Amino acid sequence: MLDLQAQHAPIQPELDATLRATFQEAAFIQGSAVQQFASELGQYLGVPHVIPCANGTDALQLALMSLGLPAGTEILVPAFTYVATWEAAAVLGLVPVPVDVDPATYNLDPAAVAAAITPCTGAILAVHLFGQCADLEALRLLAEQHGVALVEDNAQAIGATFTTSTGQVWGAGTVGEVGTTSFFPSKNLGGFGDGGALFTRDEARAQRLRQLANHGQSRKYYHEHIGLNSRLDTLQAALLRVKLPHLPAWTAARQRIAAQYDAALLGHSRLRPPGRDPRSTHVFHQYTVQTPDEPGQRERLQQYLGAQGIPSAVYYPLPNHLQPAYAYLGHQQGQFPVAERLARTVLSLPMHPMLTTEQVAYICQVLQAWE
Ligand SMILES: *Cc1c(COP(=O)(O)O)cnc(C)c1O
């Protein structure tokens, strides 16, 4: 599915030197690399404030904490997403309210979002799933019209852009009041352990987020807010600084691989390639196809691929509204049919920047022969 050793081999000497230098400096918490990385990432994304934190789940929690919403406020979340998106709301006593997704792009359906907004809604928490932007223009408009916040979970789409109807180019994660990301090792920009960050254009919010991520303090031992201990390690920041300049080339490689898959699946009788929103670029955190919605078909494809040495994975097999942890919300099977169908049918193919054209051609050939 992913080959981190191959990805790191060409930059190994630089990573080694960075490790040594960081150990030498011995400023393991809030060392200079943390701020340097934040400003370099901000430059790359075109956002003035980047606040590093300990992981992508904390980033979501901090984003919601910065909104200062009272317990019980409803947060609209996609029915089809990684559990962290829901968790962040639930642990704060906010109510994750699932909204069904678009069957082609797998992202929030703006019409369903509009229908789910109530006087109790405090925020729309959009996810740019698998590397493609949700409909940022429609979601931002809805948020403005209803006076609710837009928060972007951008753990999977770092570097993706969305072009609006007036031709403005927006960076994923930089459009809402707050955006978040993750540097979990398998993400498009992955560290060597956990890491995360928040993005905002608002100076006051940036300051509040910085405090929230550091025990709510403005200066040492003076606490304005109830915060978290959620910092990015100096070591992670230093190593991420080595990887960041390679991200555009790695993204281009993912897009080249996706184009190869697209061409092979064009007109495939049994497999549906991921749908594209022409307004968004896609950075292909995953390349996720839909198998026929018949019992056992996905598992049959997965076994068939496995037998020919091709790994694959299911993101995500059980929608959050049917997870035991969220049973207290009282949702039923059948309430979010698109999310439920995707959970039954999706399969993600191997995707990482070091896959060669020959390797992808082999996978394509095997896929084409599947009926
Ligand atoms: C990975 C991921 C997260 C959580 O990030 P961690 O760094 O693992 O906490 C949140 N949301 C989505 C959509 C993710 O893919």
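The values are calculated or read from the model by the stated rules, or taken from the named source; none is laboratory data. Owing to the predicted nature of the structure, the values given are computational and were not obtained by experimental measurement. Positions of Cβ are backbone-derived with ideal geometry, glycine not excepted, and every protein chain shown enters the neighbour counts. For the accessible areas, the whole protein counts, side chains as well, though only heavy atoms, and no ligand, DNA or RNA atoms are used. Shrake-Rupley method; radii C 1.70, N 1.55, O 1.52, S 1.80 Å.
Reported count of residues in the stretch 92-136, each being open to solvent by 10 Å² or more (accessible area, probe 1.4 Å) and of a type in the set (S, T, N, Q), is 3. If you filter the stretch 185-227 down to residues that are of a type in the set (A, V, I, L, M, F, W, C) and open to solvent by 40 Å² or more (accessible area, probe 1.4 Å), you find that the one that is nearest to the ligand (Cβ to nearest atom) is Phe192. On the given criteria, is Ala369 without any contact (Cβ under 8 Å) to a residue 24 or more places away in the chain, exposed (fewer than 12 other Cβ atoms within 10 Å of the Cβ) and within 19 Å of Leu266 (Cα to Cα)? In short, yes. Conditions first: (1) open to solvent by less than 50 Å² (accessible area, probe 1.4 Å); (2) under 19 Å from the mean Cα position of the chain (by Cα). Pro317 passes all but one, so which condition is the exception? Checking Pro317 against (1) open to solvent by less than 50 Å² (accessible area, probe 1.4 Å); (2) under 19 Å from the mean Cα position of the chain (by Cα), the one that fails is (1).
Among residues that are assigned by TED's automatic domain parsing to the domain that holds Glu203 and either assigned to a loop (DSSP other than H, G, I, E, B) or open to solvent by 10 Å² or more (accessible area, probe 1.4 Å) (or both), Ile29 is included.
Has the stretch 33-41 got at least one residue that is within 30 Å of Leu271 (Cβ to Cβ) and either within 16 Å of the ligand (Cβ to nearest atom) or in contact (Cβ under 8 Å) with a residue 24 or more places away in the chain (or both)?
We begin by selecting, within the stretch 33-41, every residue within 30 Å of Leu271 (Cβ to Cβ); these are none.
Taking every residue of the stretch 33-41 in turn, none turns out to be within 30 Å of Leu271 (Cβ to Cβ) and either within 16 Å of the ligand (Cβ to nearest atom) or in contact (Cβ under 8 Å) with a residue 24 or more places away in the chain (or both).
Just to be sure, is Ser182 at pLDDT 95 or above, in the same structural domain as Ile51 (by TED's automatic domain parsing) and buried (at least 24 other Cβ atoms within 10 Å of the Cβ)? Yes, satisfied.
What's the total number of residues in the stretch 286-302 that are free of Cβ contacts under 8 Å to residues at least 60 places away in the same chain and outside any helix (DSSP H, G or I)? The number of residues fulfilling the criteria is 7. Here Thr234 meets each of (1) touching a Leu at 6+ places or on another chain (Cβ under 6 Å); (2) in the same structural domain as Gly56 (by TED's automatic domain parsing) with one exception, condition (1).
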